[in-house]
1. Shape of segment 19-60 from its Cα gyration tensor (a ≥ b ≥ c, root eigenvalues): rounded if a/c is under 1.5, otherwise prolate when a/b > b/c, or oblate?
2. Please give me the summed charge of the neighbours of GLU26: other residues whose Cβ is under 13 Å from its Cβ, Lys and Arg +1, Asp and Glu -1.
3. Give or take rounding to whole Å, what are the principal axis extents of the alpha carbon atoms in segment 39-85, in descending order?
4. Suppose a student asked you for the relative contact order of the chain, using Cα pairs under 8 Å spaced at least 6 residues apart; what percent would you report?
5. Figure the gain on full extension for GLN42 and LEU65 (residue separation times 0.36 nm, minus the Cα-Cα span) and round it to one decimal in nm.
6. Just for the Cα atoms in the chain, what are the lengths along the principal axes, largest first, rounded to whole Å?
7. Tell me what the chain gives for mean residue ellipticity at 222 nm when only DSSP H runs of n ≥ 4 count, each as -39,500 (n - 2.57), the sum divided by the residue total, rounded to 500 deg cm²/dmol.
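Please treat every number below as a calculation from the coordinates, not as lab data. Model, not experiment: these values are computed from the prediction. No Cβ is skipped: glycine too gets one built from the backbone with ideal geometry, and neighbour counts run over all protein chains shown.
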Amino acid sequence: MSLIANTPEAPYYAVIFSSLTTTAGEGYTDTAARMVELAAQQPGFLGVESAREELGITVSYWSDLDSIKAWKRNAEHLEAQKMGREKWYSNYKTRIARVERDYDK
């Protein structure tokens, strides 16, 4: 998978997840990789980009809001969200935005 998502012509949607992790990281890396793998199987998924230093930012791209809602309700994703709240994240924020323009070099 490319580090920069190959998205279609706008408009589409971006889910921007910013997080600060705790020191209790056991299982985090495997679960994060599984969530990318699982998201890629969902209808409406367009791609993902992620970076982590002190602040982690993951942006997933979706064709429509219904696809985002369905992903949020996915059973395995719900369990990962629970683990994040209880164990892995000291703070996080999710933002959903409509991408109006998309261009590259």
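1. Oblate shape, in that a/c is at least 1.5 and b/c is the bigger or equal ratio.
2. Values: positive: LYS87; negative: ASP30, GLU86.
Neighbourhood net charge equals -1.
3. Computed over the Cα atoms, the extents are 31, 22, 16 Å.
4. 46 percent
5. Gain on stretching GLN42 to LEU65: 7.0 nm.
6. Largest to smallest, the principal-axis extents are 40, 30, 23 Å.
7. Here the helix-only value at 222 nm equals -8000 deg cm²/dmol.
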